[in-house]
Each structure stands twice: as C-alpha cells, then as structure tokens.
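In what follows, a structure is listed as structure tokens, so that the remarks can point back to it.
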Amino acid sequence: MKSPNSLLSVAALGILAASPAHAQDNEMTELKEMVKAMQQTIADQNARIATLEKQAEAKAAAPAEGPDKVDLPRNKGRSRTAGASQDEVADTPPPARIEMPAAAPPMPVRRSNVRDADTFADLQQAAPRANNAPLDPELKGFIPIPGTDTMFKIGGSARLDTIFDFGDNGNPNQFVPSTIPVDGQVGEGGGERSTIHGKGTRLSLEVRRPVAYDDTLRVYNEYDFFDDSTSSTMKMRVRHFYGQAWNFLIGQTFSAFMDVDAFPDVVDYQGPNGIINRRQPQIRYTHPIFDEDTKFQVFASLEQPESQIDTSTAFFQPDASPVESFVDGVVGFRWEGDLGHLQGSTIFRDLSYETHDGPSDDTLGWGVSLSGSVNVFDKDKISAQVTYGEGIGRYVNDLGGNDMDAAIDNSGDLEAIPVFAAMAGYTHHWNDCWRSTIAGGYVHSDPSDSLGGYAIDSTLYASANIMFHPTKSFRMGLEYLYGEKETTDGSDGDAHRLDFVIRYDLVK
C-alpha cells in the first residue's frame, strides 16, 4: 500500500500533465506549496495518533497499580478524539482515581484437628473451638464486607420432619423416652399418631475479622423454631449467640460440659437420651497447650445456673421456689488428632431453694463426663460418652426439664439426685451417597421417695437409620427409634417411631 505522501505526488503529476504549458510554472509553485502543507497536516495527525495511543496504553496499564483503583474521565461530556487539537489532548488533565473498597485481607486460619463428620444434625459448625479454628480452612461461603476487614456467612437449612408413632410417646415432635407414659399415666395405651413439622429449620449468621496479636474474632448467631417443642407452631428461639477472640468466649452456646463432636449421626432432632446436651449463656476460656496444632487444650467455664427442683410436692412450703446462689462451673481437657478426639470434664453446681419466711436449703451438685470419637476406615466413626454425678439431671438429654436435680430426702434435707448416663453410636458409609448410623443410650437415676412413684428410674434409647446424600446441599433420612421408660414404682412403658426427614442447606 502506497504512503499518503506518494499519493499526493502522483496526484500533483496528474494535474501538471493536464495543465497548459504557459501556466505550468505558476501552478508548479502552487502545487509544491499545497503538497508541503498537506504533508505537514499528515505529520500533525500522526503525532496526535501517537499521543492518543500512548494515553490508551497508560490507561490499560493503570489496573496493575492495584485492584482497588479505577480510571474514570474527569469531564464526561468532552470528547478527546475527533475535533481536538494535539495541544488540547496534551493539556487534558489526568483522569481522577476513585478508591474502591478492597476485599477483606486474609486472616489467620488454623484448621481444626477434628474431622467434619457432616452429620444430619449439623452441630459441629456452631461449636466454639480453640483459636476459632474452622472445620473448613478455605472458609467457603464467606463474603467480605467492602471497605472493612470483616467477612460474613449466611447459613442455615430448611428441614421437614414426617413422623409416625405406633402409640402415644408423650412428645409428637421429638423422641424423648422420659416422656413416654407408663401404666396409670395420661396417654398410656394411646393409638397411632402422625405429624409433619418444619420446626428444625435453622438460620445462622457467622462473622469473622482479624484482631490484634494474630488472632480472629468470631461471632456466631443461630436460630431454629423449637421454642415450643410439643406443639405444631413454629416459634423462633435463639440457639447460639456468642463471640470469641483470644480463646475467650462470651455468650450463649453449647455448655463446656457437652461434647458436640461425640454426638452420633442421628435423624431425630433430640438425639440419644444419655448424651449431655445443653446450650446456655457462659464465659469460657480455652488454653491450647501446643498452640501450633492445638492437639491438647484445657478449658474452664462459668455458666448460667438453674436449680431444677420440684417445689410443688408436699414436702415444701407453698411459697418455696428454686434459687440460683452461684453460677455453674466447668473445667476440663481435650485432645484432638487424626485418630479422633477425647474429652473429659467436671461440673460443680449449687442447688438451692428458699421460702419467704420459712426454711431454705442448698446442696452441692457435681458430675464427671468422659467422651470421644474414633475415626475408622475411610469415613466411619465411633463415638461414645459416659457421665456420672449428683444433681446434674438438667444437663442430661433425657432428664432436662423434669426437675430431677435435687429433692427432699427422708431427713427433710435437700439432696442431689444421683444420675448415670451413657451413649454410643457408629456411623458407616456405604458409598459416597449412602450411610447408616446405629445408636443407643441408657439413663439411670436414684430419686428420693419424696418425688413419688412416677419419678424416673431409668430410660432406654435405640435408633437405626439410612441416609441418602446425593448432593452437598440436599439429603434425606429414614430412622427407626425405640424407647423404654421405667419409674420408681416399677411401672414401665415403651414407644416406637419412624421419622423421615428432608433437609436442604441454604449455603453449602
């Protein structure tokens, strides 16, 4: 392709060839001036193009200075191409830079040594852990808040329980062997029952941000709809609301006397009768002995007290009521590793009651618990817990809410009720989508005669299930449950249940 200067010369020669001879000298001079002017114009245009190309290259290279800087023109309505001279382009002020919010910086992440069992109850995600170590070190699902160091995650699950009872077991929504009616109690001998409810649906919000001394602040908030556990209404309740940093925890969550990682993979929302299960306000400190891997740790907790004493019996004055003189105290240790985990804890309680002008009394409650899990094969898991104490009925899954902490003995003194509780479970993965769990539990108490013949002597629990987990977010499970209850006067009853559950995780 010929250059613009060559085309101009050819055009000039053509014009000269067509012109008369006497005018050629004058025209030759004029044409030379014309060509010279046109060449200058082309040179000016080339200079302008070169300047615009350099500015375009600089604009394209600007994002390399940082992901949070964006070049925008200062004068939106002014064209910087057609109709602008080279001087105008050169004098145009540099584009303004707008600072965009940067993503939250990476925060210290120490992966938990506990394996995520991904249980149907999904309790492990909410549990506080030393150094706020997450089960998922990649923190999938977290969203940075622009302009801050904070990130958050919205979670939860939609759950639907379809339940069929072979008889009246005392609670239509959860399987609680202690509520099974025995001979002579209301509901004993009742026929089949069924229900559908979504009370196990959950909503959660987790917030994390880096704090001083290379640590992380974690705030966790979770709700479900079991505030009224025996009715069909969905009344929201707070399950967790706590914050933890530098291994100090303040707020409501699982008791330090409880071991969430020992909870077997059951379908029913209540779980085995013999496991420790309590959420309440507390102040807790956890101290990792080996900070790099946190395989061994000790902890201490001061927790909300509640003396569950039945002051309505004839052995109390009419105005008697339970009182809480001191908070509950828990101390314990924990080991975590590839093989599994082991936890031991001790609790101390002050159980008391008082009247307006009459007698008052208190007694010491205490308990010890040993629990753990063993990882077997590729994904299978064995878990167990054994607990014994006096005055700890409130913390045992099957006795909480039954006023089984203390009672008046034959001497008229307040006496803590001895309790033994045990639980075990085994989960087997058939393949990537199918798994099953069998679990069992036993609870025995020794209440005083003042509680009457229907006081709980022992309960038995057994369950077996099959679960289908085709995707990360969707799962379903069918579980058979059996329970027995025996009272101090020798009366007994049993119950059978089928529970089919569908659960879909909002974020997974």
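Quick one: how many residues across region 160-188 are over 21 Å from D403 (Cα atoms), touching an Asp or Glu at 6+ places or on another chain (Cβ under 9 Å) and outside any loop (DSSP other than H, G, I, E, B)?
Residues in region 160-188 being over 21 Å from D403 (Cα atoms), touching an Asp or Glu at 6+ places or on another chain (Cβ under 9 Å) and outside any loop (DSSP other than H, G, I, E, B): 5 in total.
Does region 231-245 contain at least one residue that is surrounded by 19 or more Cβ atoms within 10 Å (Cβ to Cβ), assigned by TED's automatic domain parsing to the domain that holds D405 and assigned to a loop (DSSP other than H, G, I, E, B)?
There is no residue in region 231-245 that is surrounded by 19 or more Cβ atoms within 10 Å (Cβ to Cβ), assigned by TED's automatic domain parsing to the domain that holds D405 and assigned to a loop (DSSP other than H, G, I, E, B).
Pick from region 298-324 the residues that are at pLDDT 95 or above and more than 22 Å from G401 (Cβ to Cβ): which of them is surrounded by the most Cβ atoms within 10 Å (Cβ to Cβ)?
Among those that are at pLDDT 95 or above and more than 22 Å from G401 (Cβ to Cβ), it is F299.
Taking M404, is it farther than 27 Å from D265 by Cα and not charged (D, E, K, R)? Full working, then the answer.
Numbers: farther than 27 Å from D265 by Cα: yes; not charged (D, E, K, R): yes.
Yes.
Any idea which of G141, G155 is closer than 25 Å to F474 by Cα and surrounded by 17 or more Cβ atoms within 10 Å (Cβ to Cβ)? If you could, list the steps in order and put the result at the bottom.
On the way: G141 fails: surrounded by 17 or more Cβ atoms within 10 Å (Cβ to Cβ).
Within the list G141, G155, the selection yields G155.
Just to be sure before I move on: is A407 at pLDDT 95 or above, assigned to a strand (DSSP E or B) and within 27 Å of the chain's Cα centre (by Cα) in the structure I sent? Step through it out loud before you land on a result.
Working: at pLDDT 95 or above: yes; assigned to a strand (DSSP E or B): yes; within 27 Å of the chain's Cα centre (by Cα): no.
Answer is no for this residue.
List the pairs whose first member sits in region 391-410 and is under 18 Å from A320 (Cβ atoms), whose second member is of a type in the set (K, R) and assigned to a helix (DSSP H, G or I), and whose Cβ atoms are under 8 Å apart, counting only residues at least 6 apart or on separate chains?
M404/R394; D405/R394
Given the conditions (1) of a type in the set (A, V, I, L, M, F, W, C); (2) assigned to a loop (DSSP other than H, G, I, E, B); (3) under 21 Å from T253 (Cβ atoms), which single one is not true for F316?
(3)
The values are calculated or read from the model by the stated rules, or taken from the named source; none is laboratory data. The structure presented is a predicted model; accordingly, all values stated were derived computationally and were not measured. Reconstructed Cβ throughout: ideal geometry from the backbone, glycine too, with neighbour counts over all protein chains shown.
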